[in-house]
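Input: a single structure, listed below in structure tokens.
The values are calculated or read from the model by the stated rules, or taken from the named source; none is laboratory data. Computed from a predicted structure; not experimentally measured. Neighbour counts run over all protein chains shown; Cβ positions are idealised from the backbone, glycine included.
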Amino acid sequence: MRTLSAFALVALCAPAAALEPKDVWLVVNKNVPAGREVADHYIAKRGVPKGNVVELDLPKVEDISRAEYDAKLVAPLRTALKPHKDAAKVLLTTFGVPLRVGRVLPNADEQKELATLRPELAEARKKLAELEKKEKDKQADAKELAAARADANKLQARERVLTHAESEASVDSELMCLWWPEYALVRWQMNPRFRFAPEGAKRNPAVLLVSRLDGPSPAIAKRLVDDAIATEKDGLKGKAVIDARGFKFDPKSKDRGTGYDGYDTSMREAAEHLKAAGFEVELDDKNEVLKPGAAKGVALYCGWYSHANFVDCCEYERGAVAWHLASSEAVTLRNEGSKVWCPNLLKKGVCATLGPVAEPYTVGFPKPAEFFGLLACGDRTLVECYADSMLFCSWMTVLVGDPLYTPFKGRGKLKPDDITASPKGARFP
């Protein structure tokens, strides 16, 4: 996993009027009948209007090409929702809807330029390697080495532009921008709903709230709804488990708050928020991941970093919200044999989770203190807590769970103003 800096803060924003079932529109793949069953289950349980469903002709697999995404998903979805644009506040993708949209493919002119550029890049890299070898032997000319390095970097940067590197994304994160005019597909877009959005993000159009009912089986996708509704009756019970690694954030360091140290410190700040909210909190601050069976009766979990290697460290209460911060934990949701965290957490009974479909950088995750802190306030639904704590859209992360799930509704002991930008002391350029 790589790290990246974030940006300046702006004033906090309060949520809009409370979401209602009529605000939710379900997206169904008509080629996967089980997905329609999941949608019908949600409609019946939540009281969503029966007409709030859009069925689309989509691939049955978890990946969709960018061309198919544009033609088969976005275009017909916009057409179907256009008469309801103001009413459709939440999109809920269902079992069978593709998970990840592929990168943009080079056009004919870009392919032609790549054919010329790549041999030049190979030669530049060869020359740089030779000079770096001489540098080790203290025989390289410093100016020549710097020029060679600059040349190789310039050609490599151009290659990334021509190949549209990092233009892949989570389908759901891309759908947050459904109503936007054309935008660049280079890494991410700033999320204007993020509570601490940089000034520039406020110029972006409003986003849709998006989550997904999905998992290793349709039965699990339906259970997410049943568990959410059942839990809301009495509130989510159980302890909070935070598995940090002992990294300390230094405001004077290069980590401005969006790198390893910043996120690890945010986990400890999440523990502080949850203690203030009345939870029994188990905080592990050692570098090692919790061992199998380490905690029982868990309502909330956040930890890292066991990459693509699920560890059955917790026994979860009904309605639990849990996620593991690592680079690949939602590359699949439906492969029962996968070792990534998201599908395995769902199999273990978790009610909601989140993770990336490809490399997200640390900053592609919500800050644990912000996400769990808002959730514990009890005044926002799951999908609102997610959208309010995510810096980016058109990026890699997917939220799995009932968007209307509010596990602490009317029971929150924290106020939104208690949840400040995390980690404390973060610097923003």
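Listed by position, the helices (runs of 4 or more DSSP H) enclosed by the stretch 17-136 that each have at least 3 residues that are of a type in the set (Asp, Glu) are 108-136.
The residues of the stretch 165-222 that are crowded, with 17+ Cβ neighbours inside 10 Å, of a type in the set (Lys, Arg) and farther than 25 Å from Val340 by Cβ, listed by number, are Arg193, Arg195. Taking the stretch 255-280 as the range and being under 14 Å from Val363 (Cβ atoms) and assigned to a loop (DSSP other than H, G, I, E, B) as the test, the residues that pass are Asp255, Arg256, Gly257, Thr258, Gly259.
Here is a yes/no grid of residues against (1) closer than 30 Å to Pro33 by Cβ; (2) without any contact (Cβ under 8 Å) to a residue 60 or more places away in the chain:
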| residue | (1), (2) |
| --- | --- |
| Ile220 | yes, no |
| Ala228 | yes, no |
| Gly238 | no, no |
| Asp243 | no, no |
| Pro251 | no, no |
| His273 | no, no |
| Gly278 | no, no |
| Ala294 | no, yes |
| Asn309 | no, yes |
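Pull up the stretch 229-259, narrow it to residues that are closer than 24 Å to Glu288 by Cα and β-branched (Val, Ile, Thr), then point me to the one that is surrounded by the most Cβ atoms within 10 Å (Cβ to Cβ). Checking each candidate, the answer is Val241. If you check Gly319, Gly278, Gly262, Gly297 for being on the phi > 0 side of the Ramachandran plot and buried (at least 17 other Cβ atoms within 10 Å of the Cβ), only one passes: Gly319. Here Pro98 fulfils each of the conditions (1) under 26 Å from Ala206 (Cβ atoms); (2) surrounded by fewer than 20 Cβ atoms within 10 Å (Cβ to Cβ); (3) not small (Gly, Ala, Ser) apart from (2).
Would you check which residues across the stretch 393-429 are within 22 Å of the chain's Cα centre (by Cα) and either at pLDDT below 90 or on the phi > 0 side of the Ramachandran plot (or both) and list them? Result: Ser394, Gly401, Ala426, Phe428.
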